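K.L.:
Below is one structure. I have some questions about it.
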Amino acid sequence: MQERRKNKRLELESKIIIKSLNNPGEQHEAIIDIVDASKTGVGFNCSLPLSIGTIYEAYLTIWTKEVLHTFIEIVRIEKQGDTFNYGATFVGMPGMDASRISIYDTINEELEKQKDNQ
């Protein structure tokens, strides 16, 4: 498969809680496992069926234990057994929060270089 991502994806051991903004009276909250993240989007696994094009409010816990409040739009769905793998883009994420994710990538790359040089 051809790589179409504009930004490098990172694996974060983190969770987010989401609720749909499309149907305000219907608030399904779910804890999901993040597979990868970049400054423009996130990939995650969830047992609940979500819809492409739906926007969700998200609370993303990053590696520093900070919680980023953001909105995500589902752009890809793949069923894998009993769970779903989703791809989502951030909607209106502040530049400061996107930078936090980019900084993590830079630190990881430097640590990998140091490890390879030993």
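Taken together, the values in this text are just the output of simple stated rules run on the coordinates, not laboratory data. Small disclaimer: the values here were computed from a predicted structure and weren't measured. Because the Cβ atoms are built from the backbone with ideal geometry, glycine has one as well, and the counts that use them run over all protein chains shown.
K.L.:
If you count, for each residue, the other Cβ atoms within 10 Å and average over each peptide, how do 82-90, 46-54 line up from highest to lowest?
P.N.:
Going by the mean number of other Cβ atoms within 10 Å, highest first, we get 82-90, 46-54.
K.L.:
Say each of residue 77 and residue 17 gets a label point 7 Å from the Cα, pointing the same way as Cα to Cβ; how far apart are those two points in nm?
P.N.:
If labels sit at residue 77 and residue 17, their model points lie 2.4 nm apart.
K.L.:
Still on this structure, please answer the following. Non-local amide H neighbours of residue 55 (under 5 Å, H modeled in plane, Pro and chain starts lacking H): which ones?
P.N.:
Excluding prolines and chain starts, which carry no amide H, the hits are 21, 22.
K.L.:
Starting from the 7 Å offset along Cα-to-Cβ, what nm value, one decimal, do you get for the label separation of residue 54 and residue 35?
P.N.:
About 1.8 nm separates the two model spin labels.
K.L.:
Give me the distance in nm between label points sitting 7 Å out from Cα along the Cα-to-Cβ direction at residue 112 and residue 47, one decimal.
P.N.:
3.3
K.L.:
A further question follows. HN-Hα J couplings of segment 39-56 from phi, Karplus 6.51/-1.76/1.60, θ = phi - 60°, integer Hz, Gly and Pro as x?
P.N.:
Result, rounded to whole Hz: 6, 10, x, 9, x, 8, 10, 8, 7, 8, x, 10, 10, 5, x, 7, 9, 10.
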